[in-house]
Amino acid sequence: MDRREFLSAAALAPFAGAAPDWAALDRALKGRLVRPGDASYATAKRVFNVAFDTATPRAVAYCATPADVAACVGFARRNGLVVHPRSGGHSYAGWSTGSGLVVDVSQLKAVKLAGGLATVGSGAKLIDVYSTLAKSGVSIPAGSCPTVGVAGLTLGGGIGVVARRHGLTIDVLKAVSLVTADGKLITASAGSHPELFWALRGGGGGNFGIATSFTYQTHPVQDVTVFTMRWPWSQAFAVVKKWQKWAPGAPDALWSNLHLSQDPGRSVSVTGLYLGSRSRCEALLKGFPPSTRTVRSMSYLQAMYFMAGCSTLEACHTGPRDRFSASSHFAYTEMSDATIKALIAQVGRAGRHTVLIDALGGAVGRVAPGATAFPHRKALFSLQYYAHFDGASAWVRSARDAMTPRLGRHAYVNYPDMALKDYKAQYYGANAARLAAVKKVYDPAGFFRHPQGV
C-alpha cells in the first residue's frame, strides 16, 4: 500500500454531524460497496450460519486491497460505525455481520510461496490454500472446514488434522499484516510489534485489527493414510474409553477425532489421518472393538478433501449453508466412566446434534501455555457441541451445562458461545490479562469490538 492510497482513505472524513457519505467511501474503494437496496445486497450480507440472515448491515465493502481495508476503518471510525470483519463468514456467534459496516476481505485471497514461506491473503478459503500449496508439495497445519477463512481460523489458534505433528496453525505463523484502529497498515512478527504478534496467535478475531495477510512456515507433504471406523451405538462407551486413552498419546504422526452423533440416527465413529504407510496405520488401530473399518492411502491434498467431506475442489466450495448452534470444552484429564456415560446420555437425547472430539497432545502440548495467546496446550482433546435445526440452541446449552461440572470451565475462542459469562477465563485462562494490556496499546478506544472482546 503506498502513501497516495492512504491519503485517499484519509480524505473521507465528513463534516461533523453529517450522515455517512457512502458515495465517498464507494469512490475511494478499488473494490465494491454494496448497500441496502442494491440488487446484490441479500447475497452480500449472507454468512455461513443461516441463523444470522436477519442481520442488516449498513453496507458490505468488498475490499480489493489493504488500502480498501484502511479506508473502511477510517470511514467507520469517523462516522461512529461498528465494523464487522469478514473473511469466510463462519463466526459461530455471527460476528462476521451486524448492523454496521461489514469489511469483507474475501478478495484478498492470493497464496504466494517463496523460500518455504507462504504468504496468504486473509480472505483465502482454507481448501484453496491447501490446493495451491499442494502444487508445490507443501502445506500448513490447519483445520478441515473447506470454506472457513484463514483469518478467523488462524487468529483463534487453528486446531487441525496434522496438529499433533506440526502444531496449531499459529505455531507456524511468522507474520501478520493488519490494519489497526488508527487506520495504519502494520506487520506484526517476532521482531516487529512482538506483543501484538503474541496476541494475534490465539487471541481471536476482531480484537486488534483487520488482518490483510498471514505468512506461514510450510512443511513438505507426501502421500498419507486416512481411516474411518464405525460402531453401533451400543459400543459408544467402550469406544470413547479406548479412544481417550489412545488418541492423545499416539505417535505424533497420527491424528484422529471421535464423533458421537444423533443426526438423525445414533452413530459412533473415529476418523483420522496418519502421516505414514497404510500398514503402519493399521497396526496402530489395533485394540479397538470390532468395527466397520476403511483404511486408504492417498495424496495429501486428497486427504484434505476427505477430511473436509468433499471429493473435489469444486465440491468443497459448493457445500450447503447450515442453521446451527455450538459450544465447546477442553478436557485436561481423561474422562471418568461416569463422565463418559453422561456425555453419551446427552448425545442420546432427541434432536439433531453431534459431539466432535479432536485429539490434541503431541506438538500442540510441547508449547508453553503462555508462549502464545492460546492457553489450552495441556488439554488432551477438545469437544465441540454442534446442533442444527429445531431445538439446536436448547440442546447445546443443556448439554454443555450438564458437562461443565465434569470437564471444567475451558472453551475454544474459535467456537464462541454467547452464554459464557466468564468467557475471558474460559477462552484465555491466565493469558487474559496480557491480552487486555495489548488491547489498550493498539486499540485504546475500543474501536474493534464485539460482545466477547478481550
Env charge @ residue 365, Cβ radius under 14 Å, K,R +1 / D,E -1, value +2
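With N denoting the number of residues in the chain, provide Rg(C-alpha) divided by 2.2 N^0.38 Å, to two decimal places.
My calculation over the Cα atoms of the chain gives 0.97.
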Taking Cα pairs under 8 Å and at least six residues apart, what relative contact order does the range 14-120 come out at, in percent?
26 percent
Work out which helices of the chain, taken as complete DSSP H runs, extend at least 20 Å along their axis over the Cα atoms and score a mean Kyte-Doolittle of -0.5 or more, then list them.
392-407
So how much slack lies between residue 27 and residue 323, counting 0.36 nm per residue of separation and subtracting their Cα-Cα distance, in nm?
103.0 nm
Rounded to the nearest 5, the percent of antiparallel DSSP beta bridges in the chain equals 90 percent
Residues 301, 343 in order from fewest to most other beta-carbon atoms within 10 Å are 301, 343
Relative contact order for the chain: what is it in percent, counting Cα pairs under 8 Å that are at least 6 residues apart?
15 percent
Against the globular-protein guess of 2.2 N^0.38 Å, express the Cα radius of gyration of the range 173-280 as a ratio, rounded to two decimals.
1.58
Using the Kirkwood radius over Cα pairs, work out the Stokes-Einstein diffusion coefficient for the range 45-186 at 25 °C and 0.890 mPa s, in µm²/s as a whole number.
156 µm²/s
Grab the eigenvalues of the alpha-carbon gyration tensor for the range 3-104, scale each by 5, take roots, and send me the semi-axes largest first in whole angstrom.
23, 14, 12
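About the Cα centre of the range 267-347, what is the dipole size in debye to 20, counting +1 per Lys and Arg Cβ and -1 per Asp and Glu Cβ, all else neutral?
Numbers: 8 positive and 5 negative charges, 38 e Å.
I would put it at about 180 debye.
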Give me the tail of P(r) for the range 224-429 as a percent: Cα-Cα pairs with distance above 26 Å.
36 percent
What is the local net charge at residue 401, summed over the other residues whose Cβ is closer than 15 Å to its Cβ (Lys, Arg +1; Asp, Glu -1)?
+4
Among all the lysines, which ones have a C-alpha under 18 Å from residue 440's C-alpha, if same-chain residues fewer than 8 places away are not counted?
184, 424
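Give, as a single signed number, the net charge of other residues whose beta carbon lies under 12 Å from the beta carbon of residue 343, with Lys and Arg counted +1 and Asp and Glu -1. Numbers along the way, then the final one.
Values: positive: 241, 341, 349, 400, 406; negative: 337.
That works out to +4.
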Starting from the Cα-Cα distance between residue 345 and residue 311, subtract it from 0.36 nm times their residue separation and give me the gain in nm to one decimal.
8.9 nm
Would you mind calculating the relative contact order of the range 224-429 from Cα pairs under 8 angstrom and at least 6 residues apart, reporting the percent as a whole number?
25 percent
Kirkwood-based Rg/Rh on the Cα set of the range 313-413 evaluates to 1.03
Anything over 19 Å Cα to Cα? Flag those among 109/135; 112/135; 245/341; 378/421, in the order listed.
378/421
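Every number here is computed from the coordinates shown, using simple stated rules; none is lab data. These numbers were taken from a predicted model, which means no experiment stands behind them. So basically every Cβ, Gly included, is an ideal-geometry build from the backbone, and we count neighbours across all protein chains shown.
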